[in-house]
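Remarks on the structure that follows.
The values are calculated or read from the model by the stated rules, or taken from the named source; none is laboratory data. Because the structure is a prediction, the values reported are computed rather than measured. All Cβ positions, even for glycine, are placed from backbone atoms using ideal geometry, and neighbour counts span all protein chains on display.
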Amino acid sequence: MKLKLIGLFAIVLALVVVALSQQPPDAPAPPPPAHQGPQHPPQPPRPPDPIGQNLFPPELIMQNRQALGLSEEQKAAIKDELMKASARFNDLNWQMQDEMETMANLTRGTTVDEQRVLAQLDKILNIEREVKRTQISLSIRLKNKLTAEQQTQLQQLQQQMQPRPPIPR
């Protein structure tokens, strides 16, 4: 039971990470309160995500499966891909926790061995790289399960979800 909960958590975490990495930034923050201090010029809007424009978050596909008209075969294939990715994310999560614990132990003392800490950092970064690689791989596999028409529908849905810039007055 505990393993199932961990697996479910890993799926949800993976879906959230993929979704956040593909969604445009939130609406601009409200202006800071009027007080004395340095004023920062407004930041230009970020350019669109070239990868996120072409791939689809798994939850977008699943939330719109009826509108997309997914076949039973497509649903089964997508579910299979999600289960495989979930198992991989679960494994990577365990690895990350182990390596982070090791990192914490390496940095605990009054003096720190820089070379060992940097070597440990490389292990952690490699796991993070594998997480991102798995996320992109999942998105590619899901896209390849969709027809051209379904992909067009999802692109339209993504465009509708993007915040519109305010109209100058």
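Scan the stretch 47-77 for residues that are closer than 20 Å to Gln156 by Cα and either of a type in the set (Asp, Glu) or at pLDDT below 75 (or both) and the total you get is 4. Taken as a whole, the structure leaves Glu114 outside the set of residues that are within 24 Å of the chain's Cα centre (by Cα) and without any contact (Cβ under 8 Å) to a residue 40 or more places away in the chain. Among residues of the stretch 140-169 that are farther than 17 Å from Gln53 by Cβ and at pLDDT 95 or above, those with a beta-carbon under 7 Å from a residue that is of a type outside the set (Gly, Ala, Ser) and surrounded by 12 or more Cβ atoms within 10 Å (Cβ to Cβ) at least six positions away or on a different chain give the pairs Arg141/Glu81; Lys145/Gln74; Lys145/Ile78.
Checked against (1) over 24 Å from the mean Cα position of the chain (by Cα); (2) closer than 28 Å to Pro50 by Cβ, Ala119 passes all but condition (2).
A quick yes/no check of all residues on (1) loosely packed, with under 13 Cβ neighbours inside 10 Å; (2) closer than 30 Å to Phe56 by Cα; (3) within 17 Å of the chain's Cα centre (by Cα); (4) hydrophobic (A, V, I, L, M, F, W, C):
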{"residue": "Ala76", "(1), (2), (3), (4)": "yes, yes, no, yes"}
{"residue": "Asp80", "(1), (2), (3), (4)": "yes, yes, no, no"}
{"residue": "Phe89", "(1), (2), (3), (4)": "no, yes, yes, yes"}
{"residue": "Lys123", "(1), (2), (3), (4)": "no, yes, no, no"}
{"residue": "Asn126", "(1), (2), (3), (4)": "yes, yes, yes, no"}
{"residue": "Leu138", "(1), (2), (3), (4)": "no, yes, yes, yes"}
